[in-house]
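Structure first, then comments.
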Amino acid sequence: AVMRTVITIGGGAAPVAPAAAAEPEEAERPLTEQHRTELTTYRTMALREALADDPGAAFIAVLHAMVIRVIVSGYRAASCLEISTSSARPDHSVQGLDTFRPAGSLDARREAWARRLPADHQAIWDFLVDLAPDSRTELFALCAGLSVHAMHVPYDRRTPEALAHGDKLAALVGLDMTRDWTPTAANYFGRVTKGKILAAVREAKGEDTAQLLEGLKKGDMAREAERLIAGTGWLPEIMRTTGITTEVAQDAGDPVAAGEPTAAEEVALPEFLSGPAAEDEVETLSAFLGGEDGPADGDHDMSYAIAAQ
């Protein structure tokens, strides 16, 4: 390299080094992650207390969290509330579910509200704030109802307390399954054992009526059980509500309430045991056992039991 000497003449200033880059303005510097966490934690605690002190606002906030998860599909992360609400889809292979009145009613109400909600998901909050109180209450109850999951499903990971809570909820709302469901050969009797069929008839109609079915084949027994139990209000235990449907079963001890024949009534025989041929057979068996006058006093049920067999 060539060495040179710089000589300053006339008092000129020495060359000035380039200035360092200017520091960014303090206002433009972002907060650190830790600082953001601290400040928003303070704000969240204050917001929690404020919401806890304002039931009206809390109702709207919870309703919004439920609506965007239950009514609106695919829009589930727009609430700061840690409320997880969902609506499990029932197994539509269940026979008769498509024509079950409560299921159809829920679908219709859900679709009606979905049409009323704004197409813009961001506008749902303002829609709920401006909604009339009665309408908000109606929508809240619908969302809560749609979120109920008391179905027994295979490989269910929920605790047993979840299904037990369904029983408590049913008692609270006074659920009466006899309004919309009745046991038939298709939905119940044809799918349980003969022992359960007889137990159901015995509970609803009494021991004498149950004995009439003891010798039948499974299909015939299921059909006759459907006919005999119709209108009695009897339900399988899994369908009962404490304090409502259990009272029907308790009435089985009362001949009138349980539908058992009184002294002035006769036992209604199944169709295959009625008619001239069946009556002749009963009379023949009665004469054989007790002479022309029939069995002795106290054995008046013997002929029916033998005819059933």
Check: segment 43-201 dipole with +1 on Lys, Arg Cβ and -1 on Asp, Glu Cβ, in debye: 660 debye
Solvent-accessible ranking of Arg29, Arg179, Arg89, largest area first, probe 1.4 Å: Arg89, Arg179, Arg29
Glu237 accessible area, 1.4 Å probe, all protein chains in place, Å² to nearest 10: 150 Å²
Linear extension gain, Ala171 paired with Asp126, 0.36 nm per residue minus alpha-carbon span: 12.6 nm
Phi to ³J(HN,Hα) by Karplus 6.51 cos²θ - 1.76 cosθ + 1.60 over segment 220-228, Hz, x for Gly, Pro: 5, 5, 5, 5, 5, 5, 4, 5, 6
Proximal lysines to Lys194, defined as alpha-carbon separation beneath 21 angstrom and excluding residues fewer than eight positions away on the same chain: Lys205, Lys217, Lys218
Residues of segment 146-172 with amide N under 17 Å of the 7 Å Cα→Cβ point at Leu81: 146-148
For segment 207-219, Karplus couplings with θ = phi - 60° (6.51, -1.76, 1.60), whole Hz, Gly/Pro x: 5, 4, 5, 5, 5, 5, 9, 4, x, 7, 6, 4, x
Per-residue ³J(HN,Hα) for segment 51-56, Karplus 6.51 cos²θ - 1.76 cosθ + 1.60, θ = phi - 60°, Hz, x for Gly and Pro: 5, 5, 8, 10, x, x
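The values are calculated or read from the model by the stated rules, or taken from the named source; none is laboratory data. Quick caveat: nothing in here was measured; it's all calculated off a predicted structure. When we count neighbours, we look across all protein chains shown, and the Cβ atoms used for this are built from the backbone with ideal geometry, even at glycine. Side chains are part of the model used for accessible areas, which takes the heavy atoms of the whole protein and leaves out ligands, DNA and RNA. Shrake-Rupley method; radii C 1.70, N 1.55, O 1.52, S 1.80 Å.
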